[in-house]
1. Only one of D:Phe107, D:Phe148 is assigned to a strand (DSSP E or B) and away from ligand 1 (no atom under 16 Å from the Cβ). Can you tell me which?
2. Among what's in region E:105-123 and is open to solvent by 20 Å² or more (accessible area, probe 1.4 Å) and in contact (Cβ under 8 Å) with a residue 12 or more places away in the chain, pick the residue that is nearest to ligand 4 (Cβ to nearest atom).
3. Exactly one condition in (1) away from every other protein chain (no Cβ under 11 Å); (2) away from ligand 4 (no atom under 16 Å from the Cβ) is false for C:Gln8; which is it?
4. So, in region A:33-54, exactly how many residues are open to solvent by 30 Å² or more (accessible area, probe 1.4 Å) and at pLDDT 90 or above?
5. Determine which member of the set C:Ile48, C:Ile17, C:Ile70 is open to solvent by 10 Å² or more (accessible area, probe 1.4 Å), under 27 Å from D:Leu127 (Cβ atoms) and touching a Phe, Trp or Tyr at 6+ places or on another chain (Cβ under 8 Å).
6. So which of C:Ser23, C:Ser84, C:Ser32 is outside any strand (DSSP E or B) and either within 10 Å of ligand 2 (Cβ to nearest atom) or of a type in the set (Lys, Arg) (or both)?
7. Regarding region D:20-27, can at least one residue be identified that is more than 16 Å from ligand 3 (Cβ to nearest atom), within 14 Å of chain C (Cβ to nearest Cβ), crowded, with 17+ Cβ neighbours inside 10 Å and in contact (Cβ under 8 Å) with a residue 12 or more places away in the chain?
Amino acid sequence: MKGSIGSILMKVFLVLVIGFFTIPIISLIVYLLREGGINIGERFIQSLMVSLKSTGITVLINITLGIPIAYYLSRNEFKGKRAISMILNIPILCPPSVSGIILLLAFGRQGVVGKLLNGFGVSIPFTFIAVIMAQCFVSLPLFIQIGKEAFDKVDVEIERSALLLGMSPIKVFLKVTIPMALFGLLKATIMSWGRAFAEFGATIIFAGNLGGKTQTLPLAIYSAMEGDFNEALSMALIMIIVAVTVLIVISLLGRKSWD
Amino acid sequence: MKGSIGSILMKVFLVLVIGFFTIPIISLIVYLLREGGINIGERFIQSLMVSLKSTGITVLINITLGIPIAYYLSRNEFKGKRAISMILNIPILCPPSVSGIILLLAFGRQGVVGKLLNGFGVSIPFTFIAVIMAQCFVSLPLFIQIGKEAFDKVDVEIERSALLLGMSPIKVFLKVTIPMALFGLLKATIMSWGRAFAEFGATIIFAGNLGGKTQTLPLAIYSAMEGDFNEALSMALIMIIVAVTVLIVISLLGRKSWD
Amino acid sequence: MLNVKFEQEYENINLNINVKIDSMRCALVGPSGAGKTSIFDVISGLKIPPRGKVILGKDILFSSQEKVNIPVHKRRVGYVRQNSYLIPHISVEDNIRMGLNIDSKDFEDILTRLKIKDILKKRPGELSGGELRRVDIARMLVIKPRLFLIDEGLSSLDENLRACVFKCILDKCSKWNTGMMIITHNPLYIKGHVDSVIKIEQGKIIQG
Amino acid sequence: MLNVKFEQEYENINLNINVKIDSMRCALVGPSGAGKTSIFDVISGLKIPPRGKVILGKDILFSSQEKVNIPVHKRRVGYVRQNSYLIPHISVEDNIRMGLNIDSKDFEDILTRLKIKDILKKRPGELSGGELRRVDIARMLVIKPRLFLIDEGLSSLDENLRACVFKCILDKCSKWNTGMMIITHNPLYIKGHVDSVIKIEQGKIIQG
Amino acid sequence: GKKETKENQVIIYAAASMTESLSDAVEEINEKYPDIEICVSFNSSSKLRLQIEQGADVDIYISASKSQYNKLKEKIQIEKDKEFLSNEIVIAANNRNAIEKWNDIQGNYKVLKAEDQVPAGEYAIRLLENLDAIEKGFSDKVLRNVVSEEINVKQVVNKLYLGEGDVGFIYNTDLTEKVKDKLYKLKVPEAMKVKSNYYICLLKKQDESSKIYNELISDDIQKIFCKYGFSSPKNSQE
Ligand SMILES: Nc1ncnc2c1ncn2[C@@H]1O[C@H](COP(=O)(O)OP(=O)(O)OP(=O)(O)O)[C@@H](O)[C@H]1O
Ligand SMILES: Nc1ncnc2c1ncn2[C@@H]1O[C@H](COP(=O)(O)OP(=O)(O)OP(=O)(O)O)[C@@H](O)[C@H]1O
Ligand code: MOO
Ligand SMILES: [Mg+2]
Ligand SMILES: [Mg+2]
């Protein structure tokens, strides 16, 4: 990889790929500058709030459920493990709209579980809770899969040696494992948050598109496209900027807690 | 994690999560059984072929570009690395429809790069190439991020020791690093393939929707939803089955090459 | 004082250990692959054999029959393993303080005698082999164990340092009334410092 | 025959090495943290010092001034490091065969004398400390190196085995006309087997 | 301090093509009934119908086509309904090509239409068939040049606007001020024109729902819709 041909090829690859991913964003900025600049309204703020609130909760759920499960899957061998790993891959393989439909079939008023809930007077679809469920459905598997990689990276012998010092397993987990897996877990958090933040297809079908309630930013962009293309693109650009800002903040937080 | 309370909590978590992900799929099967069974037509076969062909090429591109880049990012520190890692996160944070639009703004007939290409008589949108570009845009970053984790997992000292044996860096990479990172790379392949296979929003906007040419399976399912709901759900179920089958085959292939 | 009994089969060797140790300071010797490390692993709880029993003082640490298995972190066995497994992202000092269970006078004394004061701020990845080993010994010593195991812990130290470190270990162990066992291939320097020598060969105790 | 010169500063020590070795068999001794491993790392190319020069025979392996740096895999230096870094997912035999560069007679001879024939099918993770070390020695020996470095490679072996392994290394090195350098804290067993002893302290050569 | 007063909430599911106009109308109605909270969810008529069938809690549904409205009627009891607005399918062109007459579009242009199941696609086919009667083979020639069957009509508009497509079939209401600088419609013979109809359905009997329903079909509000290019259904012939 360090031979001169190899390293030149490598640079070509990198430039190609980076170009492929940056040119579209530059194009977006160029287009907006040319067509009269940024133009957003109340809808943007409203849906941004819905997005930040829902993805915040989703990420908390992902961390709470995802970290123990990822750790468990990383450290234990048991029968049924492959099946679990398959099941966790399915939501990643489903087109989001299909995810939305099957969530509706399961938790909708007519759904297998939904009917039961309905008996207790609970109706999930088209509520804020549905937004969170749709986001968890698509992002939790991502968190678990990447989180598991992060835990796999931590040498078990280091954990075992820490036990010798008299630290309880919980303490070892919190003080040794988590810090060593931190960068990986951070990546899992960021990527699953991004997946939730960008989620569109499952949300619009399972949670609907009610302004201020279930209309997340991607849905608002979709709605804006119906009327004002420029507004939609402006929202898209600001959405990307917000997302990148959140990214940077998360990485800085992670960096701090690392030291 | 092995105390009895901990392990009970863990089991509860697992059951909850597995339930959350399986109930929707079971609901889908129940619904289809109740409403007259599976019902698919020519559109399914046609779009499945488009999907398998395009995702196959996408995965090849991901592997070819992704493995060297992931390895490079894993083993080298250089300024600009954080920027690259940021850029690679952006497509993950973009709602797919936004990805589609910015691809159009960049590579469309009127786009920043597209105009140039148009001068040579090349027009990308509405072609099979556009399908692949859309898929790469959303799946390559995923491959690189997970692939990097996989390479991070490999102890650099083992690589360095292999160099001492007189193996060239390329040989060390192929015979030591790749096999040690294999499971992680497999996961990267599977997840990026899944992401490409399930891709909808970017494809429909950048590549359009023409049966037999640019209509992938998720697009066909979406189209069917407008008309025949049962057909749409049947396609969704078979899509999931095909996807899981491919998953299993990939993991088995990986397992073989591991030994 | 210590009673270890266990069986375990591997492809190339069957371990069949049954040993009773009454002395406070004991050496374990034998050829490579005889099963020395395995005994320490079983005592410390890192290895759980299919059949076996470990009794330390009056406490049953492990018994496959009675289904007892005191978890590793409750055994208070200080165990310097053949390899070091320090926590890489924190400093040497933080590594040592992780299980700290003694007063600061003893702590300072150990740091001084093990000559690790200069490297307290470094990360484990920046240490030489012998430095790593001394840090490992220090962090296992400061937990004030009821039993202290060293697996070839001193062979990577030069003669002067080895004597100094060994003396420090012996002093602390007698002060705390802690039993000590050492695996070594170098019987010279332990002579006179241990009360008994256990010899093991091919997975079996042949003298001890 | 071998000329090593380099400078490197660390927080706790400055290494300033300048040594010329003419003997074919040489021992490197000195207290823990003196810089022994660093010298081997520089010779083998694992460590690239900011300033320095390494000449082996007539070849410049490294020179910061002339911007020469022969990559590790082209130096043909066999280097048994303080820790083992075997490839975990393949068998011991496959590990050893990875850099195989000698005929099968020599190969068989090494396996026999290092007593690793019984464990060829095992994975590195299933080996004892001494077994691991012998495998490591074997895999570095079978590349038929032009220079063979051992960093405390023999201290984890019992006396009999140590003598046997050392003899095997010496035999092969003389047969191939390979230079040998060994780091040890146990000057007894090398006595009579090496032509010169280099002493290092605090990052400086003090005798050699 | 959340406005979670459920009784005073009216939920409308409306065809996506009404996004701009209905938002305007709702604002107007809100001034009259400040104590009623009106929430609107926009999506394609068929997705909305599906959601209502699956149990969405909806007061009013507005469909962009008769077929979706009919399908819903089979499954769910509707309190009141009305044929409510009318729209027209038109041939739009981007002004980067100088296309003048409707029969110019058989040339080598990139044609966009909504897919057949979507109302706009269905109407486009009907328009082509009508025109085929004037010029034999016209329909086939145009359909051969279709580069994409978009999932909704707005995608057609956006891609025409960006210049990725040359010609497309869209609604009259889609030719808003915002796109008029780049898009224009081609004249077709009056007799061949294809109209589409919007249906509004009241799904709940409650007071508030009825109030809003009545407001939406009132003449005052109709005027707002007309401003956006809709017309009253009276002068349409389905
Ligand atoms: N990467 C590094 N960063 C900081 N300090 C280092 C690094 N590598 C080595 N050192 C320091 O350089 C000194 C010499 O290290 P070296 O490993 O060469 O010692 P050594 O003579 O092999 O000692 P030992 O016998 O304990 O293995 C030590 O004090 C060590 O802490
Ligand atoms: N996990 C394992 N799987 C298979 N075999 C094992 C395993 N652990 C140990 N063994 C075998 O058991 C035997 C004893 O191992 P042990 O580590 O106890 O040896 P030892 O006496 O410490 O040797 P050394 O002095 O070389 O460290 C060895 O032959 C080793 O190969
Ligand atoms: O239901 Mo629509 O208005 O044709 O998207
Ligand atoms: Mg051992
Ligand atoms: Mg050293």
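The values are calculated or read from the model by the stated rules, or taken from the named source; none is laboratory data. From a predicted model like this one, the values you see are computed outputs, not experimental measurements. With ideal geometry, Cβ positions are generated from the backbone for all residues, glycine too; neighbour counts draw on all protein chains shown. Each accessible area value is taken on the protein alone, full model and side chains, heavy atoms only, with ligands, DNA and RNA left out. Shrake-Rupley method; radii C 1.70, N 1.55, O 1.52, S 1.80 Å.
1. After ruling out the rest, the residue left standing is D:Phe148.
2. E:Gln117
3. Single failed check for C:Gln8: (2).
4. Summing the residues that are open to solvent by 30 Å² or more (accessible area, probe 1.4 Å) and at pLDDT 90 or above in region A:33-54 gives 6.
5. C:Ile48
6. Selected residue: C:Ser32, the only one of C:Ser23, C:Ser84, C:Ser32 that is outside any strand (DSSP E or B) and either within 10 Å of ligand 2 (Cβ to nearest atom) or of a type in the set (Lys, Arg) (or both).
7. Yes - at least one qualifying residue is present in region D:20-27.
Yes/no per residue for (1) part of a loop (DSSP other than H, G, I, E, B); (2) away from chain A (no Cβ under 14 Å); (3) surrounded by fewer than 21 Cβ atoms within 10 Å (Cβ to Cβ); (4) more than 14 Å from ligand 3 (Cβ to nearest atom):
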residue	(1), (2), (3), (4)
E:Ala14	no, no, no, no
E:Ile38	no, no, no, yes
E:Ser46	no, no, no, no
E:Ala56	yes, no, no, yes
E:Glu74	no, yes, yes, yes
E:Gln77	yes, yes, yes, yes
E:Glu83	no, yes, yes, yes
E:Ile89	no, yes, no, no
